[in-house]
1. Using the Cβ atoms and a cut-off under 14 Å, what net charge is assigned to the surroundings of residue 267, where Lys and Arg are +1 and Asp and Glu are -1?
2. Using 7 Å Cα-to-Cβ label points, what is the residue 249/residue 403 separation (nm, one decimal)?
3. Can you give me the % of accessible surface on segment 287-409 that is carbon or sulfur? Probe 1.4 Å, all protein chains present, nothing else counted.
4. At 1.4 Å probe radius, can you tell me the per residue accessible area of segment 218-330 in Å²?
5. Between residue 276 and residue 205, what is 0.36 nm times their sequence separation minus the Cα-Cα distance? Round to one decimal in nm.
6. Can you give the accessible area of residue 309, probe radius 1.4 Å, in Å² rounded to 10?
7. Note down the accessible area of residue 176, probe 1.4 Å, to the nearest 10 Å².
8. When we measure straight from the Cα of residue 485, which aspartates and glutamates land under 19 angstrom away, once same-chain ones fewer than 8 places off are left out?
Amino acid sequence: MVRRVAVVGAGVSGLAATKCCLEEGLEPTCFEQSEDVGGLWHYTDQAEEGRASIYRTVFTNSCKEMMCYPDFPFPDDHPNYMHNTRLQHYICKYAKHFDLLQHIQFKTLVTKVKKRPDFSVTGQWEVVTQRNGKEETTVFDAVMVCSGHHVYPNLPIADFPGIQKFKGCYFHSREYKEPEKFRGKKVLVIGLGNSGSDIAVELSTVASQVYLSSRSGSWVMSRVWDNGYPWDLLVITRFQTWLGNILPRALSDWLYVRGMNRFFKHENFGLMPLHRTSRKEPVFNDDLPGRIACGVVVMKPNVKEFRETSVLFQDGTVQDDVDVVVFATGYSYSYPFMEDHSIIKSRDNQVTLYKGILPPQLEKPTMAVIGLVQSLGPIIPTADLQCRWAIKVFQGQCILPPASEMMDDIDEKMGKKLKWYGSSTTLQTDYITYMDELASAIGVKPSVLKLLLTDPQLALEVFFGPCTPYQYRLVGPGKWSGARKAILTQWDRTLR
């Protein structure tokens, strides 16, 4: 019987895990190495070792109706997209509202998580923590790993010949905080992800010139979509997902590319993705096309080599007098506290998890990795549903197939990822499909047909409206009495 659960990290996933444990009558202990909740969203002026880091001006890419905890909507007067300080304030309010703080041990670092000798019988883990220089070992029935994947910077120096000769300065984007010290400089940003484009746009207001280098291009979307509504309220709907699944692939690809090019033609701006129809995560930036049009950001292909003060690009062009290089090259996921690394990365050093949560090779399913998926949807409701599923597995209420079938399921999804996202290593997955899969397994997926007979107004909003988190608290275990009202008033709060 699982009773005591260790939760590693008190970010948005760790808080969801702690609350879901309490809802199910379990005893969670959450370990957080900093002095506050929020994880990635807890801004500090300096990047700290072993902790996620954001720059001062980070805003959310999901709107407030899509990204809230499913039984805790944002206040009406909050804007649709939020600055990190506002989101951090909401996260703290959530922790207080559900009385989670008493279950969190702050300034406590998890140094080791290892199976107990009798693991194959008990499924128990030893968790070693450090606090004020003192080490402590505690035994838990289950572990929920909620430490995120924006901690260990991926700095692929080996891919950039000549960087040792380069006389300017270079650093990973996690060290970047604000633009002022780059005033008047020539800056090269490498990497066209959300961080890379944000930093390039922000630097273009003070630098003498910004170059943005991309290996494979990317779709760039605006947060503000048709008629000024938030993009995700219009794009992430059950109707759109259903349509995408029934249309022939060629037609759905054509519609996708057409939709992505609706505001500007990507190839004219040097942004066109190499794999046009790949559904890899787009970049959200309302200003990048405008900055390119004004010439203050210049798009460049991949870097071929660095020289002392200049950079040679793949297309043969050379850029002289570059002062600063920012590597916005993402993160690698690492779990230094796991004694046996093969538990999470069981194949070719790739993350191999059933439903993106559970290591399939464990003799007892008593470990869950939360928040290690990416979709075109928000992480908070995803983590919440992952936690609810994992706890049902811990309690034996959600029966798992044999390990071989779990591996087959993982392989099948890898194949689909290759087809849709152009890479099998990606954490990418389709938001509604994934959420519904987890929700079905634990009996919390709303049935549109049933609703059509009993509550037609709600049924239409659930199917044609945005797939907001409240949908997963309408029915079944853990349902929330305010879910129906929250769904029927979501457009009012958006307009407000």
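The values are calculated or read from the model by the stated rules, or taken from the named source; none is laboratory data. Keep in mind that this is a model prediction, so the values were computed, not measured. Please note: Cβ atoms are built from the backbone with ideal geometry, for glycine as well, and neighbour counts cover all protein chains shown. Calculation scope for accessible area: heavy atoms of the full protein, side chains included, ligands and nucleic acids excluded. Shrake-Rupley method; radii C 1.70, N 1.55, O 1.52, S 1.80 Å.
1. Working: positive: 258, 265, 276; negative: none.
It works out to a net charge of +3.
2. A separation of 3.3 nm, rounded to one decimal place.
3. Numbers: 2160 of 4720 Å².
Result for segment 287-409: 46 percent of the exposed heavy-atom area is carbon or sulfur.
4. Numbers: 5400 Å² over 113 residues.
Accessible surface, normalised per residue, equals 48 Å².
5. On the way: separation 71, 0.36 × 71 = 25.56 nm, distance 3.05 nm.
Full extension from residue 276 to residue 205 adds 22.5 nm.
6. 70 Å²
7. In the full protein context, residue 176 sits at about 0 Å².
8. Result set, ordered by chain and number: 65, 71, 76, 77, 455, 461.
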